[in-house]
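The values are calculated or read from the model by the stated rules, or taken from the named source; none is laboratory data. Just so we're clear, the structure is a prediction, and the values are computed from it rather than from any experiment. Every residue, glycine among them, receives a Cβ derived from its backbone with ideal geometry; neighbour counts consider all protein chains shown. Accessible surface is based on the protein model in full, side chains and every heavy atom, while ligands, DNA and RNA are left aside. Shrake-Rupley method; radii C 1.70, N 1.55, O 1.52, S 1.80 Å.
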Amino acid sequence: MPFKTQLPLRHIIRHATLTAGMASMLFGGSVQASPHLMTEVDARGAQELRYANFSQWLDEFRRHASTQGISEATLASALDGVRYRDRVIELDRYQPEFVRPVWEYLDSATSDTRVNNGREKLEANRQTALEMQQRFGVPAEIIVAIWGIESNYGSNFGDFSTIEALATLAYDGRRRDFARGELLAALRIIDQGDISVERMKGSWAGAMGHTQFIPSSFEAYAVDGDGDGHRDIWGSIPDVMASTANYLAKAGWQAGQPWGVEVVLPGSFDYAQTERRSSAEWASQGVRALQGELPRFDSAAVVVPAGAEGPAFLVGPNFRAILRYNNATSYALAVATLADKIAGREGIQQSWPRDEATLTRDDVKELQQRLNEAGYSVGGADGVMGPNSREGLRAFQRDQGLTPDAFATQSLLERLRQSR
């Protein structure tokens, strides 16, 4: 998905279906909130005051794009007949009630079918994948795994017109300024001849091609891998692999290092730790590899996506590079695990707490309200398990004699209900 270094729009929405707050469960990392200070209602009101309709907005944008150097030929081919797409706005404003547990996401993302298809794709494109591995230092199986997670190896990268999707979002979406900037980037891509308007297809949120770049990331990271003078992430697998590997390399991928390792934590482990530490420092706390030895990381984090009862991982810089592609711990873990399986290595060995019922968004709001009522101040009840909510939940768990891992479950919510 290469987006800029901030959390990408496409994945803010798509990975909202994963465990709430999961991205920020990476110890030593955080997810940044949207920088926009205007509320959705205020922004929509200001937009409606300025533009009578989509056509009027498009006329103004077209004039602006012309002042930014977009040719009249590109403006005509890209914007003549552009439609406002109601479906894009429906998807933009959709908030799922039920949050998908990490293990269910991984079951699908790293299924036997996806692993077998990945091995077939790697074999069919082995020379290209190894060439990009040599050129950028990113393992072939990681490149293929991202391809698999992002679009199921090109079978599902979306059929929305990128221009229509971004124009709709720039007029009426939740992040208008962001979409407007991406629409200008899309026009620049067309203007320079990398792709035609008709072939520029992707998701409803403007992510494009086999590995789902948004336009600004295409401009920054897409690479001509087949030497034809164009960067084509829709039809050229060498371009797709080169662009994906280049993004990860620029994100800090360190050649020759693993993404991480599955670990066993001591019973006394402090789950509230947020600092990154060296492998030696983690080992001094009793963290040990499930098999073999800990990798020699200078800066590593412990990840426990399902709390103390689920698997634990020690992850290094390459895991963080995958997070730059999509800032969700579950996503990075899916890419890493799928890559391991494609390469013939073992997947995750420790079991998930599948009998533990997770929470809906309304449940999380109730959890937050009850924590506040019980004196564990967590701030507003917004249905998202952010840092304050996790700290309040840890404090409640400590007072209840439980392991303070801040993994929100139905059983914890029931304890709160009974503690009144």
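Test of understanding: what is the full-extension gain from GLU373 to ARG345, defined as 0.36 nm times their sequence separation minus their Cα-Cα distance?
Additional length available on full extension: 5.3 nm.
State the dimensionless ratio Rg/Rh of the chain (Rg: radius of gyration of Cα atoms; Rh: Kirkwood radius).
0.99
As an exercise, use a Förster radius of 35 Å and the Cβ-Cβ distance of SER196 and ASN152 to find the FRET efficiency, rounded to the nearest 0.05.
It comes to 0.90.
Whose amide H sits under 5 Å from the amide H of PHE213, counting only residues 5 or more places off or on another chain, with H placed in the peptide plane?
Here MET208 satisfy the definition.
Suppose R0 equals 45 Å. What FRET efficiency, 1/(1 + (r/R0)^6) with r the Cβ-Cβ distance, do ASP80 and GLN285 give to the nearest 0.05?
Rounded to the nearest 0.05, the efficiency is 0.10.
What's the angle, to the nearest 10 degrees (0 to 90), between helix 40-50's Cα axis and the longest principal axis of the chain?
10 degrees
At THR113 and ASP355, where each label point lies 7 Å from the Cα along Cα→Cβ, what is the point-to-point distance in nanometres?
Each label point is offset 7 Å from its Cα along the Cβ direction, giving 3.0 nm.
What does the C-alpha gyration tensor say about the overall shape of the range 361-418? Classify as rounded when a/c is under 1.5, otherwise prolate if a/b is larger than b/c, or oblate.
Taking the square roots of the gyration eigenvalues as a ≥ b ≥ c, the range 361-418 is rounded.
Give me the percent relative contact order of the range 361-418, please, defined on Cα pairs under 8 angstrom at least 6 residues apart.
Relative contact order for the range 361-418 comes out at 31 percent.
Can you tell me the Rg and Dmax of the range 260-343, counting just the alpha carbons, in angstroms?
12.3, 35
Give me the angle, in degrees from 0 to 90, between the Cα long axis of helix 176-191 and the longest principal axis of the Cα atoms of the chain, rounded to the nearest 10.
50 degrees
Counting helices only, and only those DSSP H runs with n ≥ 4, report the 222 nm mean residue ellipticity of the chain as the sum of -39,500 (n - 2.57) divided by its residues, in deg cm²/dmol to the nearest 500.
Helix-only estimate at 222 nm: -14500 deg cm²/dmol.
Quick one: in the range 110-214, what % of C-alpha pairs are over 23 Å apart? Don't skip to the end; give the middle numbers.
Details: 2211 of 5460 pairs.
Summing the P(r) tail past 23 Å for the range 110-214 gives 40 percent.
Could you please state, rounded to a whole Å, how far the C-alpha centre of the range 357-420 is from the C-alpha centre of the range 69-101?
Between the Cα centres of the range 357-420 and the range 69-101 lies a distance of 37 Å.
For the range 55-159, just run the numbers: alpha carbon Rg, then divide by 2.2 N^0.38 Å, N being how many residues it has.
Relative to the rule-of-thumb radius for its length, the range 55-159 sits at 1.60.
Could you grab the relative contact order for the chain? Cα pairs under 8 Å, six or more apart, rounded to a whole percent. Display every interim value, and only then the final one.
On the way: 671 pairs, mean separation 83.5, N = 420.
Contact order relative to length: 20 percent.
How tilted is helix 237-250 with respect to the longest principal axis of the chain? Cα atoms for both, answer in degrees (0 to 90, nearest 10).
50 degrees
Accessible area of the chain with a 1.4 Å probe: how many percent of it is carbon plus sulfur?
On the way: 8100 of 18020 Å².
Exposed carbon and sulfur together represent 45 percent of the surface.
Mind checking the per residue accessible area of the range 260-343 for me, 1.4 Å probe, whole number of Å²? Before the final figure, lay out the partial values.
Values: 2860 Å² over 84 residues.
Result: 34 Å² per residue.
With the other protein chains left in place, how much accessible area per residue, in square angstrom, belongs to the range 89-163 at a 1.4 angstrom probe?
I get 48 Å² per residue for the range 89-163.
For the range 361-418, report the accessible area per residue in Å² (1.4 Å probe, heavy atoms, rounded to an integer).
Accessible area per residue, the range 361-418: 46 Å².
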